[in-house]
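Shown next, in structure tokens, is the structure this report addresses.
The values are calculated or read from the model by the stated rules, or taken from the named source; none is laboratory data. In this text the structure is predicted, and so the values were computed from the model without any measurement. So basically every Cβ, Gly included, is an ideal-geometry build from the backbone, and we count neighbours across all protein chains shown.
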Ligand code: UD1
Ligand code: CA
């Protein structure tokens, strides 16, 4: 198998029927209506940029090397964000409209028979639908196939006007009219252009130079290719999407929020169908790429972010925010835990209010309790750090007890140093461990010690001032005070 085939998305298969297809993704526009300093296609919904959603769907149909993103506005940033996907890029230096954008792909598409055009701002498109457009387009020998929909509110979209025969609409398209150019009763037309099309490459580039900027925006509209190709006696067809939700576009912040909510609702529905319990799912924010195994329970107001992966039979209690973590089976996360780039092994218990920072690894059956912060720290099997503790740059063995208020002093203002705590160590409460330092296997540290030197295995270390009891001191003090008041 070639590298290209291996890259062909999670299903791992590139469809041979669409092998002559390239996919072009329009992503060069500025996104003026978002009023943002950042390119529109890099705005995230459900934890992934708009463009990444589109590229993920496209990669299920053709290998990434056959996907061309047309970039322009802040193109370097867009390219960098998508670089790791293996897709290719075509530059549109000046953004003179969607038709002008597709014109730039002429050289890149040399050798392909067909191109499927997707919009970087139409992120809910499903691979199945892309495939349906390709199949319909090929089966009917069309020069252009337009994916259409009839949403409740068509405002803002281009409208598709079909050819009628004996008062009946056919599959053939007469023209597309943009919202701004609608006149009279044309505004009542509810069938919209999704911005997703298939083109036969040869007629597309034979006629694309006929596009003009004769419209109010002074742009080359790709939508005008419908009329241009029809005049050239080429076949232009419309195919209606089964679900109009899938082709909703993002032009405004409101639409961004609406699509984010739709995608998250879909995600929780899929997880529940696959065996995860989610109570009050509408209060949970679960990113598109999160994975959860069966019989795990997610309580209200939980956020699961990025590439978080959770095993089976876990319980994630309310108000926990878990980012890019790997959690095993039977893990209990009590309320209010904040976790990032951490690994938690089977049967561990966390919280309430634990803070696992990047590089934390919590061993099987280990406990991390309230107001415990860990960073770049490995806590071994069945070890416990239950209260008010900071563990940074530490390697902690199995069956260790870390007393309340223990602090690793891992930073001297310039460098970070390591603390090693071997199996079976007992660290008394309120201990400070000044790194670099090591506590040998089975050793014991007296409470309130400030440990600056290594402790040998099985030894007791006590590092604090000795206690002095002054007999009768308090009673004498009180008597003195009473005497002073009287005089
Ligand atoms: C477009 C369609 C409209 C359709 C709607 C569906 C045109 C003229 N209109 O309108 O019929 O109903 O999509 O969502 O095509 N882009 C470039 N280069 C440019 C201009 C735009 O790459 O020069 C990219 C944008 O980044 C965006 C996509 O093309 O990803 C669509 O552009 P946008 O301006 O959002 O078009 P709409 O007004 O939504
Ligand atoms: Ca748009």
**Message:** Can you find a residue that is closer than 14 Å to residue 26 by Cα, within 16 Å of ligand 2 (Cβ to nearest atom) and under 18 Å from the mean Cα position of the chain (by Cα) anywhere in region 85-93?
**Reply:** no
**Message:** Criterion first (away from ligand 1 (no atom under 12 Å from the Cβ), assigned to a helix (DSSP H, G or I) and within 28 Å of residue 289 (Cβ to Cβ)) does residue 260 satisfy it?
**Reply:** yes
**Asked** What about residue 102, is it in a helix (DSSP H, G or I), modelled with pLDDT of 95 or more, more than 17 Å from the chain's Cα centre (by Cα) and within 16 Å of ligand 2 (Cβ to nearest atom)?
**Response** yes
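Here are some residues: 58, 108. Which one is more than 24 Å from residue 220 (Cα to Cα) and more than 16 Å from ligand 2 (Cβ to nearest atom)?
Just one listed residue meets the conditions, 58.
State which residue is farthest from residue 231 (Cα to Cα) when the search covers only region 125-153 and only residues that are within 16 Å of ligand 2 (Cβ to nearest atom) and surrounded by fewer than 22 Cβ atoms within 10 Å (Cβ to Cβ). Outline the logic, then answer.
Taking region 125-153 first, the residues within 16 Å of ligand 2 (Cβ to nearest atom) are 125, 146-149, 151, 153.
This time we only want the ones that are surrounded by fewer than 22 Cβ atoms within 10 Å (Cβ to Cβ), so: 151, 153.
Working: 151: 29, 153: 30 Å.
Per the criteria, the residue is 153.
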**Item:** Count of residues meeting criterion [surrounded by fewer than 14 Cβ atoms within 10 Å (Cβ to Cβ) and touching a residue at least 60 places away in the same chain (Cβ under 8 Å)] in region 251-267
**Value:** 1
**Asked** What residue, among those in region 240-250 that are within 13 Å of ligand 2 (Cβ to nearest atom) and closer than 10 Å to residue 194 by Cα, is surrounded by the most Cβ atoms within 10 Å (Cβ to Cβ)?
**Response** 247
**Request:** Go through region 91-107 and count every residue that is near ligand 1 (Cβ under 10 Å from one of its atoms) and in contact with a strand residue (DSSP E or B) (Cβ under 9 Å, 6 or more places away or on another chain).
**Result:** 5
**Message:** If I filter region 111-123 down to residues being in contact (Cβ under 8 Å) with a residue 60 or more places away in the chain, away from ligand 2 (no atom under 13 Å from the Cβ) and not in a strand (DSSP E or B), which single residue comes out as nearest to residue 238 (Cα to Cα)?
**Reply:** 113
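Residues to consider are 26, 82; find the one that is assigned to a helix (DSSP H, G or I), within 28 Å of residue 128 (Cα to Cα) and either within 8 Å of ligand 1 (Cβ to nearest atom) or touching a strand residue (DSSP E or B) at 6+ places or on another chain (Cβ under 8 Å) (or both). Give the steps one after another, and end with the answer.
Working: 26 fails: assigned to a helix (DSSP H, G or I).
Exactly one residue qualifies, and that residue is 82.
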**Message:** Take the conditions more than 25 Å from residue 158 (Cβ to Cβ), at pLDDT 95 or above and either more than 16 Å from ligand 2 (Cβ to nearest atom) or touching a helix residue (DSSP H, G or I) at 6+ places or on another chain (Cβ under 8 Å) (or both) and apply them to residue 11. Does it pass?
**Reply:** no
**Message:** I need the strands (runs of 3 or more DSSP E) fully contained in region 157-250, keeping only those with at least 3 residues that are within 9 Å of ligand 1 (Cβ to nearest atom) and touching a residue at least 60 places away in the same chain (Cβ under 8 Å).
**Reply:** 192-200
**Asked** Which one is farthest from the chain's Cα centre (by Cα) among residues in region 28-42 that are under 14 Å from residue 54 (Cβ atoms) and away from ligand 2 (no atom under 11 Å from the Cβ)?
**Response** 28
**Request:** Determine which member of the set 131, 172 is over 16 Å from residue 208 (Cα atoms) and either modelled with pLDDT under 95 or under 33 Å from the mean Cα position of the chain (by Cα) (or both).
**Result:** 131
**Message:** Can you pull out every residue in region 180-214 that is surrounded by 16 or more Cβ atoms within 10 Å (Cβ to Cβ) and within 16 Å of ligand 2 (Cβ to nearest atom)?
**Reply:** 192, 193, 194, 195, 196, 197
**Failed condition for residue 76, given (1) within 22 Å of the chain's Cα centre (by Cα); (2) in contact (Cβ under 8 Å) with a residue 24 or more places away in the chain; (3) away from ligand 2 (no atom under 16 Å from the Cβ)** = (2)
**Message:** Conditions first: (1) closer than 29 Å to residue 39 by Cα; (2) away from ligand 2 (no atom under 15 Å from the Cβ). Residue 171 passes all but one, so which condition is the exception?
**Reply:** (1)
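Taking only region 35-67 into account, find how many residues are under 19 Å from residue 285 (Cα atoms) and surrounded by fewer than 19 Cβ atoms within 10 Å (Cβ to Cβ).
From region 35-67, those under 19 Å from residue 285 (Cα atoms) are 43-50, 52-53; that's our starting set.
Filter again for surrounded by fewer than 19 Cβ atoms within 10 Å (Cβ to Cβ), leaving 44, 48.
The number of residues fulfilling the criteria is 2.
Scan region 33-74 for residues that are in a helix (DSSP H, G or I) and within 15 Å of residue 85 (Cα to Cα) and report the count.
Here is the first cut: in region 33-74, the ones in a helix (DSSP H, G or I) are 33-34, 40-42, 50-59, 64-66.
Among the residues that remain, those that are also within 15 Å of residue 85 (Cα to Cα) are: 42, 50-59, 64-66.
Residues that pass the stated criteria total 14.
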**Message:** Which of the numbered conditions does residue 46 fail, given that it passes all the others? Conditions: (1) out of contact with any strand residue (DSSP E or B) (no Cβ under 7 Å at 6 or more places or on another chain); (2) closer than 22 Å to residue 116 by Cβ.
**Reply:** (2)
